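The values are calculated or read from the model by the stated rules, or taken from the named source; none is laboratory data. Bear in mind that the values here come from a model prediction, so they are computed numbers and not experimental data. Positions of Cβ are generated from backbone atoms using ideal geometry, with glycine treated the same way; all protein chains shown enter the neighbour counts. All accessible areas refer to the heavy atoms of the entire protein, side chains included, with ligands and DNA or RNA removed. Shrake-Rupley method; radii C 1.70, N 1.55, O 1.52, S 1.80 Å.
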Amino acid sequence: MTVTITTLVENTAGIPSVLGEWGQSLLIEADGKRILFDTGPSGIIIGNAKNLNADLSNIDVIVLSHGHYDHTGGLKDVLNLIRQAGTRPDGVEIIGHHDIFQKKCVYIKGVHHGKADIPFSRSELESLGARFNLSHKPVKISENILTTGEIEITNSYEKIDAILHVQEGDQFIPDPLADDLSVIIKTEKGLIVLLGCAHRGIINNIHHAQKITGEDRIYAVIGGTHLISAGPEQMSETIKALKQLNIQKLGASHCTGLKSAAILAREFEATFFFNNTGVKTVL
Ligand SMILES: [Zn+2]
Ligand SMILES: [Zn+2]
């Protein structure tokens, strides 16, 4: 099976003719399916996809890693593009977790900053053709592709970023990010794990993927690792765990942050790559 991952949106433009913006969107082509994993924060996904010859009008399904705006803000433009093309008259399935529509926000130094949630209502998206398939359980997309469902937290060194909150009525509470999920592709060489933001931890995401598939071999891990705020202890535990897993490809994006990405690049040498906008990975 050939797996092609095209990075349509990421913080940084890795090649000419595309734009970078804080967020992430990956186009997954494998197992006869074309899956859009997140949409980035805005409509830049449309121009980037065009310049990367990635046809968004024929995607089979959209998967949302979680409800933050930087992964969902391009949804409306993608749904409009599909509607105008007339390729999906019955609408487009969107897989995610029930909590994606929570009122998510960022809390820094005692002040709530802006909204970090999906910048559209569910009904507005449904009027544009979205058909939500929301579950906390893994969702099978094809014979070899599935979502992780809700990630189990099993280690003590990966913690959810304390600045992330949800608003419930008048109250702001720490966001448990139960909606954080990844996409798993089963291959002959082991699992490919595609991360959105890995808010519940890159290692928790990988261990959960191993648990639900019964496959211990991890071939590749690509996407946002949320190591941007990791301290030295978390970095060293993460590196130790990744080395034990004997990963063949490690493509860090987005919320990895430059400093943590540089540390991973040094530790993993040829196994590592910067997964920026425009990077196409064939596995
Ligand atoms: Zn996020
Ligand atoms: Zn993000």
(request) Using the heavy atoms of the protein chains and a 1.4 angstrom probe, tell me the accessible area per residue for the stretch 85-157 in square angstrom. (result) 53 Å²
(request) Take the solvent-accessible surface of the protein heavy atoms, probe 1.4 Å, and return the percent of it on the stretch 146-207 that carbon and sulfur atoms account for. (result) 53 percent
(request) Return a whole-number percent for the relative contact order of the chain, with Cα pairs under 8 Å and 6 or more residues apart as the contact set. (result) 19 percent
(request) Apply the membrane-span-like helix rule to the chain: whole DSSP H runs, Cα extent along the own long axis of at least 30 Å, mean Kyte-Doolittle hydropathy at least 1.6. List the helices found. (result) none
(request) Take the alpha-carbon positions of the chain, form their convex hull, and give its projected area averaged over all directions (one quarter of the hull surface) in nm². (result) 14.1 nm²
(request) Apply 1/(1 + (r/R0)^6) to the Cβ-Cβ distance of THR87 and LYS137, taking R0 = 22 Å, and write down the FRET efficiency to the nearest 0.05. (result) 0.15
(request) Describe numerically, in nm with one decimal, the distance between label points set 7 Å from Cα along Cα→Cβ at LYS243 and at SER156. (result) 2.2 nm
(request) Determine which aspartates and glutamates satisfy two conditions relative to LYS103: a Cα distance under 12 Å, and not lying fewer than 8 residues away in the same chain. (result) ASP117, GLU168, ASP170, ASP175
(request) Find the accessible area per residue for the stretch 216-274; the probe is 1.4 Å, ligands and nucleic acids are left out, and the unit is Å². (result) 47 Å²
(message) Can you compute the helix-only [θ] at 222 nm over the chain? Use -39500 (n - 2.57) per DSSP H run of at least 4 residues, normalise by all residues, nearest 500 deg cm²/dmol.
(response) -6500 deg cm²/dmol
(message) Under 5 Å between amide hydrogens, which residues at least 5 positions from GLU150 or on another chain qualify, with H placed 1.01 Å from N in the peptide plane?
(response) LYS137
(request) With the full set of protein chains in place, find how many percent of the accessible area of the stretch 1-89 is carbon and sulfur; take the probe as 1.4 Å. (result) 47 percent
